[in-house]
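Asks: The structure is given below, and queries will be raised subsequently.
The values are calculated or read from the model by the stated rules, or taken from the named source; none is laboratory data. Just so you know, these numbers come straight off a predicted model, no measurement behind them. FYI the Cβ positions are ideal-geometry reconstructions off the backbone, even for glycines, and counts take in every protein chain you see. Just so you know, the surface numbers come from the protein's heavy atoms only, side chains and all, with ligands and any DNA or RNA stripped out. Shrake-Rupley method; radii C 1.70, N 1.55, O 1.52, S 1.80 Å.
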Amino acid sequence: MSDVLASPAAKKGAPPVLPEYDDEPLYEGRREIYQQSVKGRLRTIKWVVLVGCLAVYYFLPFLRWYRGPNQPDQAVLVDLAHNRFYFFFIEIWPQEVYYFTGLLVMAALVLFLMNAVAGRVWCGYLCPQTVWTDLFTTVERWVEGDRRERMLADAQPMTAAKFGRKTLKHVLWLMIAWWTGGAWVLYFADAPTLVKDLATFQAPMVAYVWIGILTFTTYSLAGLMKEQVCLYMCPWPRIQAALTDQYALNVTYRYDRGEPRMSMKAAARAREADQPAGDCIDCRQCVVVCPTGVDIRDGSQMGCIQCGLCIDACNSVMTKVNRPLGLIAYDNDVNIDRRRQGLDEVYPIIRPRTLVYAGLIAAVGLVMLYGLMTRSFTDLSVLHDRNPLYVQLSDGSVRNSYTVRISNKRPVHRIFVLAVDELPLARLTAVGISMTAGDWPVIDVGPDSTREIIVHLTAQKPADLPPSSRVTFRITELGTGEKASMSDHFIVR
Amino acid sequence: MAVQPEIDHATGRTTTGHEWDGIKELNSPLPKWWLYIFYATIVWSVGYWIVYPSWPLVTNYTKGVLGYASRQDVTRELDALKALRAERAGALARTPLEDIAKDPTLLTFALAQGKAAFGDNCAPCHGLSATGSPSFPNLRDDTWLWGGGIADIHQTISFGIRNADDRSRQGQMPALGGPNGALKPDEVITVANFVRALSGQPTRQGYDPAKGKELFASNCAACHGDEGRGNRELGAPNLTSRNFLYGSDEKTIIETINLGRGGVMPGWAGRLDETTVKSLAVYVHALGGGQ
Ligand code: SF4
Ligand code: SF4
C-alpha cells in the first residue's frame, strides 16, 4: 500500500523551484478543470444512472397511490402539518419514527457494503453532487463546447459571442437549479395542487423560500463549486479511507504494467531492443477526462471519486495503440503485488467484512419488515396522573385520574369501549363521554387521528385494596372487536 | 520562524518551513473561496454589532440601529397566536357551557386553554394540581361548597366569593363561641363532637349525642341542614363528607365554631376574557369529574 503511494512522488522529475513561504498567498487558488467528454462502457452506465436518479427525483411526487377516502393519494408525501409520512403502502406516525432510524442504519450499512466491495462507487455514480455536477457539466459542454474550445475561449478576451454563451450557460444552470428546488417542495404537499398554486402565486411563502434556497445551493454546488465540494466539504472521503481495506475494488492504474511510460515510438523501439517498456504512452487522456482533475497514475488518492471515466478514456487509447485493455481498471493493491510476484489475481468479493455488512443489512431489514407487518392500527397509551396520585371523595371512596390517548390509524371513524380489568368494584368515568350499558365509556375517534381524554377511576371500598394495585386499561372497537391494552396502577394511600 | 521551505518526499509537496520536534508542517493552503467566506463572516459579525443590540456597557448596552428588542417578537408572536386561535376561541365564546363537552375538538381546546389559565391565575391558592390546602378547596374531589355543576363553577370563577362585587357568592359562618356567642365553651365541644360523628369520626369520651343533636338543630341546622348535608345556596359545607376544608380534628372544628369562617376568592370576570373564564370552568369541572 505505502509502496503505491510513495512510488509516484519518487518518480517526479526535477525538483520544482521552491517559493519563499512568505511570498505565497494565504489561499490556494482554484485550478479550473476543463473536463473532456469521453465515451465508453462506464460512461454509459453513468448516463443510465443519471437519467434514472433524476427521473425518480423529478417525477416521484406526481405518482398517485390510493389510500382511502379523505386520505392523501400521493405515493411519497411528507405531511408536516399532520405529522405523517407516506411512502407507498407505508404510513408512518411520529411515534413510529424508528422506521426512519432503521432506514438510516440500513443506508449507512449499504454504503459500508458498497465501500467494501468497490470503494467509492457511491461517489462516482450515485451521489447527488456527482449526478448534478455531471448534468451541469454536460450543459456547459453543450453551450460552450468541449475541453479544447472552452480552454481557448477562456484564454481570449471577452467578446459578445463569448459573453452570450456564458450567459446562456448560467441561465440554463439556474433553470435546472430552480426546477430542482421546485421538485423538492412537491414532496411536502399534494404535487399537482402545489404546482398550480406556485404558478398562480397562491402557494405558502415557505414553499417559495425553499425553492429559493435549493435553487441557490444547486446552482452554486453543482455549477460553481463542482469538485470543490468533494475535495473540501464532503466528509465521506475521509471516513471512507478509514473503512476500506486492501481487497476493495478501486479505480487503479496498473503501474506494474504501465511503467516505465514513454511515447508509442519509444516503446516500440525499447521492445525491439528487449528493454522494459510500459503500456502507458503518457497521452494524459485519463487526466483530462477526470472531473476532479486527478492524475490516477499517482496512485489512489483522496481527490478520486472512482467514477471510472479515466478507465473509459484509457481503454479507447489502448484500443488505438493496439495494447490490451485495462491499463486502468477496477482492481486492488493486492493484485499489483501478486502480478509482480507472478501469482494469479484475486477478487474476493465474499469475505468476512462483506458478509458481516450483508448480514447486518438483512437483520435490520427483517426487523423493519416484521415491525411493518405487525404494525397495529390501534394504539392505546395511559398515563397515571401523578399530582395528586389519588383523591379522596366525600363518601370515602378513592379516585385516580389518568390521561388516556387512543390512536386510530385507519382512515375511518371508529368507536371504542374503554374498560379496566382487575378492579371489579371500580367505576370508570370521563367528562363529556357517554357510557355503554355495561357502564364503560364509549369513545369515538376520528379517521387517522388521536384522541386524548382524562378518565377517573373510582374505587368504592378502598380499605379492601392494597396501597397500589395493577389495573389494565383495554379498548375494544365496537363491531370489529379489535383490541389494545396497557397496564398502570391504582393507588389508594 | 520563516525557515527555508523544502520538498516533502512522501507527498512531493512543499513544507511551510515550520518544524516542531522533527514534525514538519506541510504547506496546504486553504481554498480561496473558503478563506473569503471566513472573511465575509467577520464582516458580517461587525454588521451585526451595528444593527442589533450587542455590546454590554456598564449600566446599559448598545441598542443597535434597528432598535430591535426580542420583546417585540414576543408581542408579535402572541398576537399571531391569538389570531390563530381566533376561530376556536370564537366557537368557544358562542357555544353554551353545557354543550362544550359534546364537541371533542372544542373540549380539547378548552381543556388546554383552561389548564394554562389555571396555572397562571388559580394555582397560587388552589395549587398547580388543584388539590388545594387547608382553607383553599380541593377542586379534584367531589365536595363542592357552591355547587359542582359547570354553570355553578362558571359563576364562582366569574364573580368570586365574598368580595366587594354584588354578584359574588355571599354567606358566612358566624362566630358562635366567645363571650358574646350563642354557645358556651362546653356546648361548643359537644357540637364539635356531633359534627365529627356526622362524617363517621370517633368522638370524645362522655360526649352526649342527644345534647349535640339538640344544639346542632338550634344553632347550625339553619345553614347546614338538619342532617348536616350543607346548603350550596349559602356555601354551607356538607358536614357528612370525608373531606374538610379547614381540617377535621376536634381542635380545628372547635376553632371554626368559636371564631366562624369565611374564605374569599376574587372574581375573574373583569380580569380574564370571557373565553378564558369559560375554559377555566370546563377545566375545573373536568378535574372534579363533573357533576
Ligand atoms: S481519477 Fe478516474 S476514477 Fe478518479 S475521479 Fe478521475 S476520472 Fe474518475
Ligand atoms: S490514458 Fe492511459 S495511456 Fe494515456 S496517459 Fe492515461 S494511463 Fe497512460
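Asks: Quick check for me: using +1 on Lys/Arg Cβ and -1 on Asp/Glu Cβ, what's the dipole size of region A:197-266 about its Cα centre, in debye to the nearest 20? Mind showing how you got there, number by number?
Replies: On the way: 6 positive and 5 negative charges, 80 e Å.
Once rounded to the nearest 20, the dipole reads 380 debye.
Asks: Still on this structure, please answer the following. Determine the alpha carbon to alpha carbon distance for each of A:Lys39/A:Lys226; A:Lys226/B:Lys32; A:Lys409/A:Lys483; A:Lys265/A:Lys320; A:Lys162/A:Lys226 and list only those over 19 Å. Intermediate values should be presented prior to the final figure.
Replies: Values: A:Lys39/A:Lys226 21 Å; A:Lys226/B:Lys32 14 Å; A:Lys409/A:Lys483 13 Å; A:Lys265/A:Lys320 14 Å; A:Lys162/A:Lys226 22 Å.
Pairs exceeding the cut-off: A:Lys39/A:Lys226; A:Lys162/A:Lys226.
Asks: Would you rank A:Glu140, B:Glu214 by solvent-accessible area, highest first, keeping every protein chain in place and using a 1.4 Å probe?
Replies: Sorted descending by solvent-accessible area, the residues read B:Glu214, A:Glu140.
Asks: Only Cα pairs under 8 Å and at least 6 apart count here; give the relative contact order of chain B as a rounded whole percent.
Replies: Numbers: 382 pairs, mean separation 61.5, N = 291.
Once divided by the residue count of chain B, the mean separation gives 21 percent.
Asks: Next question. Would you please put A:39-45, A:269-275, B:103-109 in order of how densely packed they are, using the mean number of other Cβ atoms within 10 angstrom per residue and starting with the highest?
Replies: Details: A:39-45: 15.0, A:269-275: 10.7, B:103-109: 16.9.
Peptide ranking by packing, descending: B:103-109, A:39-45, A:269-275.
Asks: Can I ask one more? Between B:Ala197, B:Pro185, B:Ala117, whose Cα lies farthest towards the positive end of the dipole of chain B when Lys and Arg beta carbons carry +1 and Asp and Glu beta carbons carry -1, centred on the Cα centre?
Replies: It is B:Pro185, whose Cα lies furthest towards the positive end.
Asks: Moving on. How much mean residue ellipticity at 222 nm does the protein assembly as shown get from its helices, if each DSSP H run of length 4 or more adds -39500 (n - 2.57) and you divide by all residues, to the nearest 500 deg cm²/dmol? Working shown, then result.
Replies: Details: 25 runs with 318 residues, N = 784.
-13000 deg cm²/dmol, from helical runs alone.
Asks: Go through region A:223-235 residue by residue and turn each phi into a ³J(HN,Hα) via Karplus (6.51, -1.76, 1.60, θ = phi - 60°); whole Hz please, and just put x for glycine and proline.
Replies: Here the 3J(HN,Hα) series is x, 8, 9, 6, 5, 4, 4, 5, 7, 10, 9, 7, x Hz.
Asks: Non-local amide H neighbours of A:Ala484 (under 5 Å, H modeled in plane, Pro and chain starts lacking H): which ones?
Replies: Amide H neighbours of A:Ala484: A:Ile475.
Asks: I've got another one for you. Within 10 Å of each Cβ of B:207-214, how many other protein chain Cβ atoms are there on average? Working shown, then result.
Replies: Working: counts 0, 0, 0, 0, 0, 0, 0, 0.
Average neighbour count from other chains, rounded to a whole number: 0.
Asks: Hey, another quick one. Give the residue from A:Val105, A:Pro61, A:Thr137 lying farthest towards the positive end of the charge dipole for region A:41-240; charges sit on Cβ (+1 for Lys and Arg, -1 for Asp and Glu) and the dipole is referred to the Cα centre.
Replies: Value: A:Thr137.
Asks: Can I ask one more? How far, in degrees from 0 to 90, does helix B:250-259 lean away from the longest principal axis of the Cα atoms of chain B, to the nearest 10?
Replies: Orientation of helix B:250-259: about 80 degrees from the principal axis.
Asks: Something else now. Under 5 Å between amide hydrogens, which residues at least 5 positions from B:Ala236 or on another chain qualify, with H placed 1.01 Å from N in the peptide plane?
Replies: Here the answer is B:Asn231, since their amide H atoms fall under 5 Å of that of B:Ala236.
Asks: Measure nothing fancy, just the Cα-based angle from helix B:185-198's long axis to the longest principal axis of chain B, in degrees from 0 to 90, nearest 10.
Replies: On a 0 to 90 degree scale, this one is about 70.
Asks: Something else now. Once you list every other residue whose beta carbon is under 13 Å from the beta carbon of A:Asp395, what net charge do they have if Lys and Arg are +1 and Asp and Glu are -1? Write down the numbers at each step before the final one.
Replies: On the way: positive: A:Arg399, A:Arg427, A:Lys461, B:Arg229, B:Arg242; negative: B:Asp141, B:Asp142.
Summing Lys/Arg as +1 and Asp/Glu as -1 gives +3.
Asks: Quick one: buried accessible area between A and B, total over both chains, 1.4 angstrom probe, nearest 100 Å²?
Replies: Working: alone 27380 and 18560 Å², together 42880 Å².
Its buried surface, counting both partners, is about 3100 Å².
Asks: Compute from the Cα atoms of chain B the Rg and the Dmax, the latter being the longest Cα-Cα distance, and quote both in angstrom.
Replies: Using the Cα atoms of chain B, the pair Rg, Dmax is 35.3, 115 Å.
Asks: Taking the Cα centre of region A:41-240 as the origin and placing charges on Cβ (Lys, Arg +1; Asp, Glu -1), which of A:Leu168, A:Phe188, A:Ala203 is farthest toward the positive end of the dipole?
Replies: A:Leu168
Asks: Then there is this: Could you name every residue in region A:393-421 that has 50 Å² or more less accessible surface in the full protein assembly than in its own chain alone (probe 1.4 Å, ligands and nucleic acids excluded)?
Replies: Output list: A:Ser394, A:Arg399.
Asks: Given charges of +1 on the Cβ of Lys and Arg and -1 on the Cβ of Asp and Glu, with all other atoms neutral, how large is the dipole of the protein assembly as shown about its Cα centre, in debye to the nearest 20?
Replies: Details: 80 positive and 78 negative charges, 314 e Å.
For this selection, approximately 1500 debye.
Asks: Round to a whole angstrom and tell me the spacing of the C-alpha centers of region A:347-400 and region B:14-51.
Replies: Result: 48 Å between the Cα centres.
Asks: May I pose another question? How much area per residue is accessible in chain B when the probe is 1.4 Å and only protein heavy atoms are counted (Å²)? All intermediate terms of the calculation are to be shown ahead of the outcome.
Replies: Working: 17050 Å² over 291 residues.
It amounts to 59 Å² per residue over chain B.
Asks: Next question. Accessible area of region A:229-269 with a 1.4 Å probe: how many percent of it is carbon plus sulfur? List each step's numbers first, then the result.
Replies: Values: 1320 of 2070 Å².
Accessible surface attributable to carbon and sulfur in region A:229-269 totals 64 percent.
Asks: Under unit Cβ charges (Lys, Arg +1; Asp, Glu -1), what dipole magnitude, rounded to 20 debye, does region B:68-176 have relative to its Cα centre? Show your work: numbers first, answer last.
Replies: On the way: 12 positive and 13 negative charges, 34 e Å.
The calculation lands at about 160 debye.
Asks: For region B:270-286, what does the Karplus curve 6.51 cos²θ - 1.76 cosθ + 1.60, with θ = phi - 60°, yield as ³J(HN,Hα) per residue in whole Hz, taken in order and with x for Gly and Pro?
Replies: The phi angles translate into x, 8, 10, 6, 4, 5, 5, 4, 4, 4, 4, 4, 4, 5, 5, 4, 5 Hz.
Asks: OK, next. For the protein assembly as shown, just the Cα set please: Rg and Dmax, both in angstrom.
Replies: Using the Cα atoms of the protein assembly as shown, the pair Rg, Dmax is 40.8, 140 Å.
Asks: Another question, then. Check which residues have an amide H placed less than 5 Å from A:Val471's amide H, if you skip close sequence neighbours.
Replies: Residues meeting the criterion, in which the H sits 1.01 Å from N, are A:Asp488, A:His489, A:Phe490.
Asks: Cα extents of region B:52-198 along the three principal axes, largest first, in whole Å?
Replies: 78, 51, 29
Asks: Mind ranking B:Trp144, A:Trp47 by accessible surface for me, highest first, 1.4 Å probe? Write down the numbers at each step before the final one.
Replies: Values: B:Trp144 35, A:Trp47 95 Å².
The most accessible residue leads, giving A:Trp47, B:Trp144.
Asks: Show me, for region A:107-124, the HN-Hα J-couplings you get by feeding each phi into the Karplus relation (A = 6.51, B = -1.76, C = 1.60, θ = phi - 60°), rounded to Hz, glycine and proline as x.
Replies: Those phi angles translate into 4, 4, 5, 4, 4, 4, 5, 4, 5, 5, 7, 9, x, 8, 4, 3, 4, x Hz.
Asks: Now, a different point. Checking a compactness column here: for region B:185-259, what do you get for Rg(Cα) / (2.2 N^0.38 Å), N being the number of residues?
Replies: Working: Rg = 11.2 Å, N = 75, 2.2 N^0.38 = 11.3 Å.
It is 0.99.
Asks: Near A:Lys169, which aspartates and glutamates are there with a Cα under 20 Å away, not counting those fewer than 8 places off in the same chain?
Replies: Qualifying aspartates and glutamates at Cα under 20 Å: A:Glu32, A:Asp134, A:Glu140, A:Glu144, A:Asp146, A:Glu149, A:Asp154, A:Glu227.
Asks: Compute the relative contact order of region A:47-201 as a whole-number percentage, counting only Cα pairs closer than 8 Å that sit 6 or more residues apart in sequence.
Replies: Working: 107 pairs, mean separation 41.3, N = 155.
Relative contact order for region A:47-201 comes out at 27 percent.
Asks: Mind ordering A:324-331, A:246-253, A:63-70, B:31-38 by average Cβ neighbours within 10 Å, highest first?
Replies: On the way: A:324-331: 18.1, A:246-253: 20.8, A:63-70: 11.8, B:31-38: 14.0.
Top to bottom by mean Cβ count within 10 Å: A:246-253, A:324-331, B:31-38, A:63-70.
Asks: Moving on to the next point. Taking the Cβ of A:Lys226 as the center, what net charge do the other residues with Cβ under 14 Å away carry, scoring Lys and Arg +1 and Asp and Glu -1? Before the final figure, lay out the partial values.
Replies: Details: positive: A:Arg30, A:Arg31, A:Arg141, A:Arg150, A:Lys169; negative: A:Glu32, A:Asp134, A:Glu140, A:Glu227.
Counting the neighbours of A:Lys226, the net charge comes to +1.
Asks: Considering Cα pairs under 8 angstrom that are at least six residues apart, work out the relative contact order of region B:214-291 and quote it in whole percent.
Replies: Working: 32 pairs, mean separation 8.8, N = 78.
Once normalised by length, the contact order is 11 percent.
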